1. Looking at region 182-222 only, could you name the residues that are over 26 Å from residue 131 (Cβ atoms) and surrounded by 20 or more Cβ atoms within 10 Å (Cβ to Cβ)?
2. Taking region 123-144, which residues are in contact with a Pro (Cβ under 7 Å, 6 or more places away or on another chain) and either modelled with pLDDT of 90 or more or part of a loop (DSSP other than H, G, I, E, B) (or both)?
3. If residue 211 passes every condition in (1) part of a loop (DSSP other than H, G, I, E, B); (2) over 17 Å from residue 125 (Cα atoms) but one, which one does it miss?
4. Just give me the residues in region 188-208 being touching a residue at least 40 places away in the same chain (Cβ under 8 Å) and outside any helix (DSSP H, G or I), in sequence order.
5. Tell me which residues, restricted to region 49-85, are of a type in the set (Phe, Trp, Tyr) and touching a residue at least 40 places away in the same chain (Cβ under 8 Å).
Amino acid sequence: MLSSNFFVAFCPETRDTRVLTEKGNEMIRENRHEEYKVLVGEGVAITNIAKFCDDEDNKKIVFALKEIMSWNSFAKSLVEQVARKGSLSDKQLFAASAMLAKIEKNKADRKSNMFSLDVSKILAVLDKADPAMKTPKIRVGDFVFSKPAPHSRNAGSLYIKQLGEYIGKVTGGYYLPVGSVSKDTVAEIQEICKDPMESAVAYGRRTGNCAVCARELTVKESIDRGIGPICADKLGLI
């Protein structure tokens, strides 16, 4: 009986196929190496990650955990353990899968409740604020619109509070409500977004309180403007 080495030595097609296969496997290993390097950086830990990720289900789990480990300490601890030991217990795998499934469900629930909302006019006003202003905000009726801190992971979004309670944020042109937000509330927000400054001024005139800091306005010029002179200056309005 002829050995496989005989065919490799005397059959060029077989030899070429084996070479191509080996090159293909090498490319796969290199690509995986780059993937794992994203997770843990260079070093011995990549060997442990590679070992764990030989199982495709494990690979999906560890990469999903990597996406949330910046804000989820449990996910971070699991990824670090895989990098350190190359394994997770069955109990840990179950807990990770359950957590990831819950996160995806919450995302889907939020997405189903999303509303398209153009807040560019509100952001345009807040973007003019003095950098020294810690939290640029505008008050209109029961609502307060404010920007996250520049270093926040929500930078570029817009926070919304109603009667002092956080009711969601607007990011990427969509309002993501938190809790039970009625259609009437959404309609009010949409109306304010059409002309936020006019709405803010109307609020200040109606209540006699500054549309930014909520302090009482005592000077006619400030009441007419709906915003006190200090806040107006910080927002670049005067």
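1. Result: 189, single match.
2. Correct list: 129 only.
3. (2)
4. 195, the sole residue that qualifies.
5. If we filter region 49-85 for residues that are of a type in the set (Phe, Trp, Tyr), which is where we start, we get 52, 63, 71, 74.
Across region 49-85, the qualifying residue is only 71.
The values are calculated or read from the model by the stated rules, or taken from the named source; none is laboratory data. No experiment lies behind these values; they were computed from the predicted model shown. FYI the Cβ positions are ideal-geometry reconstructions off the backbone, even for glycines, and counts take in every protein chain you see.
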